[in-house]
Amino acid sequence: DEDIIKKIDGRVEFLGFISHEQVIERLKCADYSMFYRYVTRVTMAGFPTKFAEAITCGTPVITNKTSDLGDYLIEGRNGYWVSDNIEDFFRKLTSLPKIQVSEEDRKCFDYRRYAESISELLTEVGE
């Protein structure tokens, strides 16, 4: 992967381990959040919280199709899909236009949107 990384040098910043607060601040300023998950039983069952964090910060996401991300990522609206081929993944980075994540998308993962319906459910279950 070193050769691929050299081709995108200066366009991608690898930060290593940083605090959650620093992650959120960096996400707010980033053009994109990018992650790639190998397709396994675990990645198909779990939901990547990094997706929710990025969208909530207004940062579009570049990723491959795992879990139920297809229910949330809309190509060209709040992110972009890349193939499972890692070279295609990096090649696509050079041709993506900048997009703005809508306020509606940003609020998708806000717990307050679901508080009333969860409260009703818990009340119903408790009866």
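The values are calculated or read from the model by the stated rules, or taken from the named source; none is laboratory data. Here the structure is a predicted model, which is why all the values come from computation and not from measurement. Using ideal geometry, Cβ is built from the backbone for each residue, glycine included, and neighbour counts are taken over all protein chains shown.
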inquiry  = Which numbered condition in (1) surrounded by 17 or more Cβ atoms within 10 Å (Cβ to Cβ); (2) at pLDDT below 95 is the only one that Lys50 fails?
reply    = (1)
query = Is there a residue in the stretch 56-73 that is surrounded by fewer than 16 Cβ atoms within 10 Å (Cβ to Cβ), within 21 Å of Ser95 (Cα to Cα), of a type in the set (Asp, Glu) and at pLDDT below 95?
reply = no
message = Just the residues that are surrounded by 13 or more Cβ atoms within 10 Å (Cβ to Cβ) and under 15 Å from the mean Cα position of the chain (by Cα), please, taken from the stretch 94-107.
response = Ile99, Val101, Ser102, Asp105, Arg106
key: Residue identified as part of a helix (DSSP H, G or I), within 17 Å of Ala30 (Cα to Cα) and not small (Gly, Ala, Ser) among Thr94, Thr59   = Thr94
Subset of the stretch 62-91 (residues that are assigned to a loop (DSSP other than H, G, I, E, B) and touching a residue at least 60 places away in the same chain (Cβ under 8 Å)) = none
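Taking the stated definitions as given, is Ile86 over 27 Å from Lys6 (Cα atoms) and surrounded by 13 or more Cβ atoms within 10 Å (Cβ to Cβ)? Working first, answer last.
Numbers: over 27 Å from Lys6 (Cα atoms): no; surrounded by 13 or more Cβ atoms within 10 Å (Cβ to Cβ): yes.
When the stated conditions are applied, Ile86 does not pass them.
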request  = Just need a number here: residues in the stretch 30-55 that are under 18 Å from Leu93 (Cβ atoms), part of a helix (DSSP H, G or I) and hydrophobic (A, V, I, L, M, F, W, C).
outcome  = 2
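Can you confirm whether Tyr32 is in contact with a helix residue (DSSP H, G or I) (Cβ under 7 Å, 6 or more places away or on another chain) and surrounded by 11 or more Cβ atoms within 10 Å (Cβ to Cβ)?
Judged against the criteria, Tyr32 is not a match.
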query = What pairs come up if the first residue lies in the stretch 16-34 and is of a type in the set (Val, Ile, Thr), the second is surrounded by fewer than 11 Cβ atoms within 10 Å (Cβ to Cβ) and not in a helix (DSSP H, G or I), and their beta carbons are under 9 Å apart, counting only those six or more places apart or on different chains?
reply = Val23/Leu15
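Does Glu25 satisfy the condition of being surrounded by 12 or more Cβ atoms within 10 Å (Cβ to Cβ) and of a type in the set (D, E, K, R)? Let's see the steps before the verdict.
Values: surrounded by 12 or more Cβ atoms within 10 Å (Cβ to Cβ): yes; of a type in the set (D, E, K, R): yes.
Taking the combined requirement at face value, the residue satisfies it.
Considering the stretch 1-29 alone, what residues qualify as being among the aliphatic types (A, V, I, L, M) and either at pLDDT below 90 or in a loop (DSSP other than H, G, I, E, B) (or both)?
Let us first name the residues in the stretch 1-29 that are among the aliphatic types (A, V, I, L, M), namely 4-5, 8, 12, 15, 18, 23-24, 27.
The answer is Ile4, Ile5, Ile8, Val12, Leu15, Ile18.
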